[in-house]
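Structure first, then comments.
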Amino acid sequence: MYQEMNLDNINLNLEPPIEEPARQYYFMAKCREWVWDFEQKNGRSPKACVVNMGCQMNAKDSEKLTGILSQIGYEKAPDEHADFVIYNTCTVRENANLKVYGHLGLLKHEKKTNPHMRIALCGCMMQEPEVVEKLKKSYPFVNLIFGTHNIYKFAELLANSLESERMVIDIWKDTDRIVEELPTERKYPFKSGVNIMFGCNNFCSYCIVPYVRGRERSRRPEDIIREVRQLASDGVSEIMLLGQNVNSYGKTLEHPMTFAQLLKEMEKIEGIRRIRFMTSHPKDLSDELIRVMKESNKICRHLHLPLQSGSTNILKAMNRKYTKEQYLDLAGKIRQEIPDISLTTDIIVGFPGETEADFEETLDVVRKVRYDNAYTFIYSKRTGTPAASMENQVPEAEVKVHFDRLLKEVQTIAREQAARFSGTVQEVLVEERNEHDSRLLTGRMSNNLLVHFPGDPSLIGKLLLVKLEECKGFYYMGTIS
Ligand code: SAH
Ligand code: SF4
Ligand code: F3S
């Protein structure tokens, strides 16, 4: 395994190897020399902080960056008072971008007080050419910028940046490569995300992800299985399979396989007790998947099924490729087959052309499906997407009124849905000490609800039975059963 690869055996007098990932290990060894030099001069290790600003896929990438930084010898800093700060950015909505500029504004001052400080930016927002132009012009103190496609080259880019006083920029438009076997550091010892595919081919008309994450490509099942086996032997009991549309997994593989078949392979891996996945596009959700979920005692009782809108007209304009009726049929079928499942969703309010009647259709679906949780978003115009140039953009004031009405409705229903488990005993994975009361532990149920209960921190990472005593809205208070 490369994860075990010893950097001491790398001869830095030779030219860097051409093949990956060996090339990156060479540059890790090179950066490590720089770190030793820093330690000699300053009497301490340099500190690094990786700030994740995006979705689970970005969080997984951040773990890869952290893994590489640890190999090199950086110490972890709890916040941005560090010698190296790297922002792994998101650009799915305008707010995400504004946050990055806000952070950079603050770091500009910090950098003046710490002469060692270096700043890097990576992730989805860096794939937008206008962003990079703006950074070059207005944020010249940034040291390193790279994108989503070449994140595996982080060690090499860092080595270049450490040797240069100029801003190093490396952005690729797209890639068909997947580089395996780089180090990674997990946030939790007992659960882990696992990439099963990268990119997206769906081009929902509002969404920037296909432009910044590139074309859909699936990892080979044997690579995924090897990684999950390794995780299981490291003590991981819960995995979350990650992709923008996991239901289309495997279509482009040399030997095509379905997502449901991949799940069955995951189930066979000893030591893995729970399997989650994110995200399912309704248009590709097969009966085979429902059957495999139903028959499994490892696949969690939770399905995130983004609706986006309940109006067939708006869904058509969004290029979602399903109608209101098809979505309702699908949700109904899932609830019927797996009654204890928790269904969650994403909804966008204020898509161009959305009328009062369209909004009512969304509310109608919310009431019929009775989501266990729903993430609601105000439509955000993303440059370069088809929806950005649609003429009938909805006035802000109207969107706000609809957003508040929707939020109230989804929250009321989610509370009622959560309460349906009162008094039952559920298996939970103990995740952490409660933030507010250290006598309590927090556990996650198969359906993704949280329960807080008294217990000893030595139980963290274990699966336990907990009695749900009292529903507090979106979570429970309980006792070990
Ligand atoms: N691949 C996932 C979604 C990833 S983005 C899927 O198809 O379900 C997460 C959520 O952000 C989306 O489900 C959508 O609700 C929201 N979103 C994406 N683009 C948006 C935009 N331009 N404005 C507002 N919300 C958006
Ligand atoms: Fe965006 Fe649609 Fe792809 Fe999800 S499926 S990432 S919403 S384009
Ligand atoms: Fe995720 Fe945001 Fe990129 S949602 S894929 S980090 S644009």
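The values are calculated or read from the model by the stated rules, or taken from the named source; none is laboratory data. This one's a predicted model, so the numbers in the text were calculated from it and none came from an experiment. As a convention, Cβ positions derive from the backbone with ideal geometry for all residues, glycine included, and neighbour counts pool all protein chains shown. We work out accessible area using only protein heavy atoms, side chains counted, and drop any ligands, DNA or RNA first. Shrake-Rupley method; radii C 1.70, N 1.55, O 1.52, S 1.80 Å.
Taking label positions 7 Å along the Cα-Cβ direction at both Glu416 and Thr383, the computed distance is 4.5 nm, reported to one decimal. Annotation: extensible slack from Thr479 through Arg367 equals 37.1 nm (criterion: 0.36 nm per residue apart, minus Cα-Cα distance). Sorting Glu270, Glu469 by accessible area puts them as Glu270, Glu469; the probe is 1.4 Å, largest comes first, and only protein heavy atoms count. Distances between every pair of Cα atoms in region 243-383, grouped in 10 Å steps from 0 to the bin holding the largest one, split as 11, 40, 32, 15, 3, 0 percent. Phi angles of region 373-379 translate, via the Karplus equation with coefficients 6.51, -1.76, 1.60 and θ = phi - 60°, into HN-Hα couplings of 6, 9, 9, 10, 10, 7, 3 Hz per residue; Gly and Pro are given as x.
Across all Cα atoms of region 1-102, the radius of gyration (one decimal) and Dmax (whole number) stand at 15.9, 47 Å. Placing dummy labels 7 Å off each Cα toward the beta-carbon, the span from Ile178 to Glu356 is 5.0 nm. Within the accessible surface of the chain, defined with a 1.4 Å probe on protein heavy atoms only, the carbon and sulfur portion equals 50 percent.
Entry comment: accessible area of region 1-151 is 47 Å² per residue, from protein heavy atoms only and a probe of 1.4 Å.
Rounded to the nearest 500 deg cm²/dmol, what is the calculated helix-only ellipticity per residue at 222 nm for the chain, with -39500 (n - 2.57) per DSSP H run of length n ≥ 4?
Dividing the helical sum by the residues of the chain leaves -11500 deg cm²/dmol.
Cα gyration tensor of region 307-437, axes a ≥ b ≥ c as square roots of the eigenvalues: rounded (a/c below 1.5), prolate (a/b > b/c) or oblate?
Working: a/c = 2.21, a/b = 1.66, b/c = 1.33.
Here region 307-437 falls in the prolate category.
Find the accessible area per residue for region 260-367; the probe is 1.4 Å, ligands and nucleic acids are left out, and the unit is Å².
Numbers: 4180 Å² over 108 residues.
Result: 39 Å² of accessible area for each residue.
Multiplying the residue separation of Lys321 and Glu165 by 0.36 nm and subtracting their alpha-carbon distance yields 51.2 nm.
Rounded to the nearest Å, what's the spacing between the alpha carbon centres of region 223-255 and region 385-453? Just the number, please. So the separation of the two Cα centres works out to 26 Å.
Label zone (Lys136, point 7 Å along Cα-to-C-beta; backbone nitrogen cut-off 13 Å) within region 152-176: 167-171.
Applying a DSSP loop filter and a limit of 11 other Cβ atoms within 10 Å to the trypsin sites (Lys or Arg not before Pro) in region 365-397 leaves nothing. Shown here: the chain, whose C-alpha atoms stretch 65, 57, 50 Å along the first, second and third principal axes, sorted largest to smallest. Applying the Karplus relation 6.51 cos²θ - 1.76 cosθ + 1.60 with θ = phi - 60° to region 187-194 yields 3J(HN,Hα) values of 5, 10, x, 9, 9, 8, x, 9 Hz, where x marks Gly and Pro.
Counting only protein heavy atoms and using a 1.4 Å probe, the accessible area of Lys324 comes to about 20 Å².
How high is the relative contact order of the chain? Use alpha-carbon pairs under 8 Å, at least six apart in sequence, and give a whole percent. Walk me through the intermediate numbers first.
On the way: 898 pairs, mean separation 45.1, N = 481.
Dividing the mean separation by the residue count of the chain yields 9 percent.
Length gain on complete extension for the stretch Lys283 to Phe203, per 0.36 nm per residue less the alpha carbon to alpha carbon distance? Could the numbers behind the result be given before it?
On the way: separation 80, 0.36 × 80 = 28.80 nm, distance 1.32 nm.
Computed gain between Lys283 and Phe203 is 27.5 nm.
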